[in-house]
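Report on one structure; see the data block that follows.
The values are calculated or read from the model by the stated rules, or taken from the named source; none is laboratory data. As the structure is a prediction and not an experimental result, all values here were calculated from the model. Cβ placement follows ideal geometry from the backbone for every residue including glycine, while neighbour counts extend to all protein chains displayed.
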Amino acid sequence: MCETCGQCVSACPTGALYERAARSRGQAKDFIKTRTTCPYCGVGCQLDLNVHKKTGEIIRITSEPGVIPNDGNTCVKGRFGTDFIGSMERLTTPLIKEKGVFREADWDEALNLAAKRFQEIKEKYGSDALAGLSSARTTNEDNYIMQKFIRAGFGTNNVDHCARLCHASTVAGLARAFGSGAMTNSIEEIRRAPCIFVIGSNTTECHPVIGTLIRQAVAAGSTKLIVADPRKISLTDSAHIHLRQRSGTDVALINAMMNVIIEEGLEDRNFIQSRTEGLEDIREAVKENTPEFAEAVTGVPADAIREAARMYAEAPAASIIYSMGITQHTTGTDNVLSLANLALLTGNVGKECSGVNPLRGQNNVQGACDLGALPNVYNGYQKVDDPVIQEKFEEAWNASLSTKPGLTVVEIMNAASDGEVKGLYIMGENPMISDPDIGHVKEGLENLDFLLVQDIFLSETAQLADIVLPACCFAEKDGTFTNTERRVQRVRKAVDPPGTAMEDWRIICEIATHMGYTMHYENSEKIQEEICSLTPIYRGITYSRIDNVGLQWPCPSETHPGTRFLHKDQFSRGLGKFHKVVFLNPKEMPDSEFPFILTTGRMLQHWHTGTMTRRCEVLDDLVPHGALEINPSNAEKLNISHGDLVAVKSRRGRIEVPANVTEKVARGTVFMAFHFREHPANALTIAALDPIAKIPELKVCAVQVEKL
Ligand code: SF4
């Protein structure tokens with residue numbers, strides 16, 4: 001099926017296929033190519049922006065075969081997703097709100113006012129009354145500068161970003177099991193994996209180039225594919241086994257697979273003995289979690305669970321790939337720990353084509369975590385409450401730093417609502433669409449004394465701000481992104497920013513300096529040099545070394561080649577650790593009043609809160625609005641036909657949205673993508689948190705559906 005990726009255009013040998021814009025606006029000789037990294041998902045495809053020499057416009061996107069990590073492939077967003085850059089709706093000048101209305105201002109006025117308001121709050125209420133949201137959309141340099149400013153300028157560790165909403169449980173779970181919370185292996189290894197177990201990842205839509213790799217591997221006949229997903233996603237067509245578990249029952253499913261592996265003696269005893277500890281901790285929990293027990297909980301036939309367990313355990317190497325279907329639960333950390341247990345039990349860590357591989361959602365969510373946009377760690381996951389680390393950063397940053405871990409995203413919104421956080425600085429995030437229970441988010445943001453938003457558009461969140469500052473987008477600045485396989489890659493300036501928009505890091509430095517904490521860097525490379533000096537896992541990653549191809553951390557010196565897969569001879573924590581995990585239900589189960597499970601996610605043509613993709617002609621033409629997926633048998637009972645407008649209501653909110661009657665979702669479950677401001681799925685979702693990772697349960701809440 002055509003996915004509009006544009007690959008046929010780039011491969012057409014006769015030139016019969018061409019992009020409309022490129023043919024009408026010039027030929028290859030009229031363009032300058034600038035290599036950069038895709039601003040959308042975590043695959044980190046390398047793109048060439050073809051800019052017209054005369055007009056300075058981006059005319060087409062190409063990608064060169066042979067270049068890591070995408071080998072010339074892109075998806076529809078990478079190929080056709082740059083219209084937003086030249087949008088007339090871009091912010092071009094600072095805006096200050098007066099009596100509820102924005103007026104244009106110059107930078108001096110806006111910076112002075114922003115610094116004054118933050119300073120007043122700090123002096124009156126203390127540093128912890130301030131907070132910042134950093135951004136997985138922006139560069140590593142931007143994120144490093146943001147967390148440095150919040151810590152050294154504001155004086156608090158209240159800094160977080162939307163990794164909290166997607167992979168906080170990955171960071172927490174894998175760090176406990178292995179000592180490092182990142183994707184263990186490389187994208188390139190997926191093509192050669194003898195067995196791939198995809199769970200909770202709609203890979204072909206959310207990480208399309210990796211989805212294509214998986215399909216190619218299966219088509220080549222060398223790879224067995226197991227897909228566990230409550231929906232019939234397109235990858236299930238290629239799967240040897242599809243386990244269709246009920247949403248929120250992953251632990252029961254994975255424990256049952258381990259039950260089979262232990263019962264049938266399929267575990268890797270040598271690996272367990274030499275590389276792990278704590279197997280006895282899980283034996284009992286797994287023993288009671290038989291395939292028959294799991295069938296009752298998950299709805300997956302016990303024999304299918306047995307077959308999947310054997311297929312995974314008997315493969316010479318097996319790779320687990322997962323995403324937010326695993327992480328966005330109140331049991332998100334448990335889910336990740338269960339997958340780590342499964343990999344440890346079968347010796348599938350620390351070798352090629354195996355591992356536990358979380359696919360990071362946004363372009364630089366890995367980098368934002370690596371660079372310390374988290375409330376408990378500095379850059380390189382160095383703990384804020386470790387006095388030795390604190391001293392190192394106090395000396396480097398010439399500032400007094402707090403050892404008290406800060407608040408997470410949802411906690412910041414709760415504290416704003418309660419009046420404990422008074423001033424908030426948001427860089428490139430849009431919690432009014434992305435966060436759970438957005439009614440509550442709005443209440444929090446409106447309760448602040450001062451809200452500063454810097455972004456490329458007047459987003460739903462920016463509209464609530466007191467001051468809005470215009471920032472450059474990815475194509476207008478230099479820097480680096482880190483993709484899902486820990487590869488640090490260059491971002492390069494191809495076009496000029498609109499109006500007076502500035503790089504995010506430069507704006508932050510200006511505010512810091514206006515507040516009396518001087519921050520000045522000549523360019524982004526100088527920031528990277530500081531990052532190298534203070535971040536052991538990034539120490540050897542210089543701009544000159546990643547000019548042609550990125551490097552994967554850990555890269556501890558300028559002669560180190562980077563690390564393709566982690567935990568080869570030893571885990572980062574020494575031994576891999578098994579954790580006892582027992583099945584628990586999601587926080588909010590369906591009942592007679594709210595009889596459906598709502599699960600939310602992403603789709604191929606759009607990205608995150610839609611601020612960029614909804615402003616791209618091709619993408620918005622392909623999918624101009626959202627829809628509620630509902631199973632035909634449920635639809636029939638409610639007299640709902642395909643395309644009918646329905647009301648969806650939860651205990652937190654109500655939206656109206658067209659119905660998409662489809663077998664993709666199981667009976668009793670409905671699905672919505674969260675990209676659409678006209679019917680925001682997060683008006684319905686619940687802000688119940690995983691107790692360890694503090695990630696909200698965006699994948700399960702109870703709703704009712706009614707035809708309008
Ligand atoms: Fe590649 Fe992801 Fe960009 Fe698509 S969205 S081109 S898969 S990085």
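A few points about this structure:
- Condition met for Glu189 (among the acidic types (Asp, Glu), touching a residue at least 60 places away in the same chain (Cβ under 8 Å) and either within 16 Å of the ligand (Cβ to nearest atom) or buried (at least 24 other Cβ atoms within 10 Å of the Cβ) (or both)): no
- Near pairs, Cβ below 7 angstrom, 6+ apart or cross-chain, from the range 218-242 (over 15 Å from Arg191 (Cα atoms)) to any residue that is among the acidic types (Asp, Glu): Lys232/Glu663; Thr236/Asp229; Ile241/Glu307
- Only listed residue being modelled with pLDDT of 95 or more, hydroxyl-bearing (Ser, Thr, Tyr) and touching a strand residue (DSSP E or B) at 6+ places or on another chain (Cβ under 8 Å), chosen from Ser641, Ser633: Ser641
Residue by residue, here is whether (1) part of a strand (DSSP E or B); (2) at pLDDT 95 or above; (3) surrounded by 19 or more Cβ atoms within 10 Å (Cβ to Cβ) holds:
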position	(1), (2), (3)
Ser592	no, yes, no
Thr600	yes, no, yes
His608	no, no, yes
Arg614	no, no, yes
Val618	no, no, yes
His625	no, no, no
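- Unmet criterion (only one of (1) without any contact (Cβ under 8 Å) to a residue 40 or more places away in the chain; (2) small (Gly, Ala, Ser); (3) in contact with a Phe, Trp or Tyr (Cβ under 7 Å, 6 or more places away or on another chain)) for Ala152: (1)
- Residue check for Arg564: of a type in the set (D, E, K, R), over 25 Å from Val453 (Cα atoms), in contact with a strand residue (DSSP E or B) (Cβ under 9 Å, 6 or more places away or on another chain) and not in a loop (DSSP other than H, G, I, E, B): no
- Helices (runs of 4 or more DSSP H) wholly inside the range 416-521 containing at least 1 residues that are at pLDDT below 95: 431-434, 438-447
- All conditions in (1) at pLDDT 95 or above; (2) more than 25 Å from Lys383 (Cα to Cα); (3) more than 16 Å from the ligand (Cβ to nearest atom) hold for Ile321, with the sole exception of (3).
- Any hit, the range 348-361, residues being touching a strand residue (DSSP E or B) at 6+ places or on another chain (Cβ under 6 Å), over 30 Å from Tyr312 (Cβ atoms), buried (at least 18 other Cβ atoms within 10 Å of the Cβ) and touching a residue at least 40 places away in the same chain (Cβ under 8 Å): no
- Whichever residue in the range 201-232 is within 16 Å of the ligand (Cβ to nearest atom) and among the β-branched types (Val, Ile, Thr) and, among such residues, is farthest from Ala302 (Cα to Cα): Val209
- Residues located in the range 636-660, provided they are touching a residue at least 12 places away in the same chain (Cβ under 8 Å) and among the basic types (Lys, Arg): Lys649, Arg651, Arg652, Arg654
- Listed by position, the strands (runs of 3 or more DSSP E) enclosed by the range 26-121 include none that has at least 2 residues that are among the basic types (Lys, Arg), within 13 Å of the ligand (Cβ to nearest atom) and surrounded by 16 or more Cβ atoms within 10 Å (Cβ to Cβ).
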